[in-house]
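What follows is one structure encoded as structure tokens, with my remarks underneath.
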Amino acid sequence: MTAMAHEPLTQAEVLLEGFLALDTPEGFRAELIEGEIVVTPPPDGDHEDYISLVLKQVLRKSSTDMDFSGNKGLKLRSGGGCPKNHAIPDGTFAPTGRRLFRGADPWMPCEGVALVVEVTSTKPQADREAKRRCYARGGIPLYLLIDRDDSSVTLFSDPENDDYRQRLTIPYGKPLPLPEPFAFDLETGDFG
């Protein structure tokens, strides 16, 4: 029996393999964003309060019934020879009829996701830039960014290639119109 020669792994494959083998401490989460492994600590209470405020409004006001997953791993296309991005949004919404989260692997494809939500925390630039590009590459129609440093909320929409073509930023306290399949104004008065 002869041993078969194995092709050497590319740098991207080694990075992805190492990332998927990480054993992060309880409560921490690891993401692979544009070729960089990012590990973040558990969120603070204010961070979780923002997610709760969005979730309650979506469930109560949305024109389409939505399922929600907090901290669901998404596999997203990458650019520039990097391995596939693995991002964990603070919140992910998908129409209920799709049952997108039931039976999904820990890292699921992003097809069918209607909206992802991020609240800035320890690495706000990653939420503002790198993750925005990842979500656009994945074709996620809507990205809602709650920026605690700027006291603002931004809705990114109309993804094309590496970015979103439209963005609407409002200060805390103003309503933010969410398009279909949500079709309601997100109230941000309690965000401050």
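Since every read-out is calculated from the coordinates, none of them should be taken as a lab result. Since the structure is predicted, the reported quantities are computational estimates derived from the model, not experimental observations. FYI the Cβ positions are ideal-geometry reconstructions off the backbone, even for glycines, and counts take in every protein chain you see.
Hey, what number do you get for the chain at 222 nm if only DSSP H runs of n ≥ 4 count, each worth -39500 (n - 2.57), divided across all residues, to the nearest 500?
My calculation for the chain gives -5500 deg cm²/dmol from helical runs alone.
How many lysine pairs does the range 54-151 hold where the Cα atoms are under 28 Å apart and the two sit 8 or more places apart or on different chains?
Lysine pairs meeting the criterion: 15.
Points 7 angstrom from Cα along the Cβ direction at residue 77 and residue 46: gap in nanometres?
It works out to 3.7 nm between the two label points.
Hey, rough spin-label estimate for residue 151 and residue 172, points 7 angstrom out along Cα→Cβ, what's it come to in nanometres?
0.7 nm
Taking only C-alpha pairs under 8 Å that are 6+ residues apart, what is the relative contact order of the range 44-191 in percent?
Worked out over the range 44-191, it gives 20 percent.
Compute the long axis of helix 11-20 from its Cα atoms, compare it with the longest principal axis of the Cα atoms of the chain, and write down the angle in degrees, 0 to 90, nearest 10.
60 degrees
Using only Cα atoms, find the angle between the long axis of helix 45-61 and the longest principal axis of the chain, and express it within 0 to 90 degrees, rounded to the nearest 10.
70 degrees
Cα centroid distance between the range 128-159 and the range 56-112, in Å?
Measuring centre to centre over Cα atoms gives 14 Å.
What whole-number value in cubic angstrom gives the convex hull volume per residue for the C-alpha atoms of the range 96-192?
Looking at the range 96-192, the number lands at 113 Å³ per residue.
Quick check: residue separation of residue 128 and residue 55 times 0.36 nm, minus the Cα distance between them. What number comes out in nm?
Difference between extended and current length: 24.2 nm.
Charges on Cβ only, +1 for Lys and Arg, -1 for Asp and Glu, centred on the Cα centroid of the range 44-191; of 176, 142, 110, which one is farthest towards the dipole's positive end?
Highest projection toward the positive end goes to 110.
Binning at 5 Å from 0, report for the chain what percent of all alpha-carbon pair distances ends up in each bin.
Reading upward from the zero bin: 1, 7, 16, 20, 20, 15, 9, 5, 2, 1, 1, 1, 0, 0, 0.
Between residue 165 and residue 64, how many nm apart are label points set 7 Å from Cα along the C-beta direction?
Between residue 165 and residue 64, the simple spin-label model gives 1.9 nm.
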